[in-house]
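Some notes on the structure that comes next.
Nothing in this text is a laboratory measurement; each read-out follows from the coordinates by a stated rule. Treat the numbers as computed from the prediction; the structure is a model and nothing was measured. When we count neighbours, we look across all protein chains shown, and the Cβ atoms used for this are built from the backbone with ideal geometry, even at glycine.
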Amino acid sequence: MEAFIDLDSLGEIFIYLSAFFGAFLAALWLSLVFWTYRDIRSRSRDRIIQVLATLLTALLFFPGLLVYLILRPKITLIEAYQRTLEEEALLSEIETKKACPGCGASIQNNWQVCAYCHTRIRKVCANCTELLELPWQICPYCATPIPGSPHTVIELEDLPVPGTIDETAELSVPEEKETEISEDA
């Protein structure tokens, strides 16, 4: 009885299969090292950590990959950046929303009073009719002082120049002092 496969051909098949399996393991090892390097680059900017993670996978193969997967950062740098952008967008949205100082309800920028609690929020300039914040003492749009405010705009023409005498002003001594002088004499 003749055998379908002789031992010489079986040895050759085993050599081919082991070479194929060895090439597969080498390609798998190389691809895992490359994947680890790319993954750690997307998760950390530190060059030492990138080299150590790649060497860990290169030297220990599957156990090294397992250790790397346990120790690697949870989020990538891009995800961390996107999360930061989302937080900044939410914070800027919160900051731009104005709230009534009386009741805390949301108010709009063009409201003079709160629609809910009737608290005065802004006042109107008498000259240009622009809305002004309550603490403002002067209109920033037309430079008109707000009535009742302690600050007024003084024109430079109205100020006296130091060292000059106003010719229209009279020099007089107050009457009380004149009477005191005459009584002493």
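Centre-to-centre, using Cα atoms only, segment 72-103 and segment 125-144 are separated by 34 Å.
Ranked by the mean number of other Cβ atoms within 10 Å of their residues, highest first, the peptides 62-69, 128-135 come out as 62-69, 128-135.
In this structure the amide hydrogen of Ile107, modeled in the peptide plane, comes within under 5 Å of the amide hydrogens of Lys98, Ala99, Cys100, none closer than 5 places in sequence on its chain.
Distance between the modelled labels on Gln108 and Cys128, one decimal in nanometres: 2.3 nm (7 Å Cα→Cβ projection).
Placing unit charges on C-beta atoms (Lys and Arg positive, Asp and Glu negative, everything else neutral), compute the dipole magnitude of segment 82-127 about its Cα centre in debye, rounded to 20.
420 debye
State the answer as a single residue: which of Leu7, Thr54, Ala26 lies farthest towards the positive end of the charge dipole of segment 7-78, with beta carbon charges of +1 for Lys and Arg and -1 for Asp and Glu, about the Cα centre. Of the candidates, Thr54 comes out farthest on the positive side.
What the phi angles of segment 72-85 give under the Karplus curve with 6.51, -1.76 and 1.60, with θ = phi - 60°, is a coupling list of 5, x, 5, 10, 7, 5, 5, 5, 5, 5, 5, 5, 5, 4 Hz, glycine and proline written as x.
Using the average count of surrounding beta-carbon atoms within 10 Å as a protection proxy, the listed peptides 27-34, 54-61 rank, highest first, as 54-61, 27-34. In this structure, the amide hydrogen of Glu130, modeled 1.01 Å from its nitrogen in the peptide plane, lies closer than 5 angstrom to those of Cys125, counting only residues at least 5 positions away or on a different chain. Of the peptides 98-105, 35-42, the ranking by mean beta-carbon count within 10 Å, highest at the top, reads 35-42, 98-105.
A convex hull fitted to the Cα coordinates of segment 12-104 yields 131 cubic angstrom per residue.
Using only side-chain charges placed at the Cβ, +1 for Lys and Arg and -1 for Asp and Glu, the dipole size of segment 7-78 relative to its Cα centre rounds to 700 debye.
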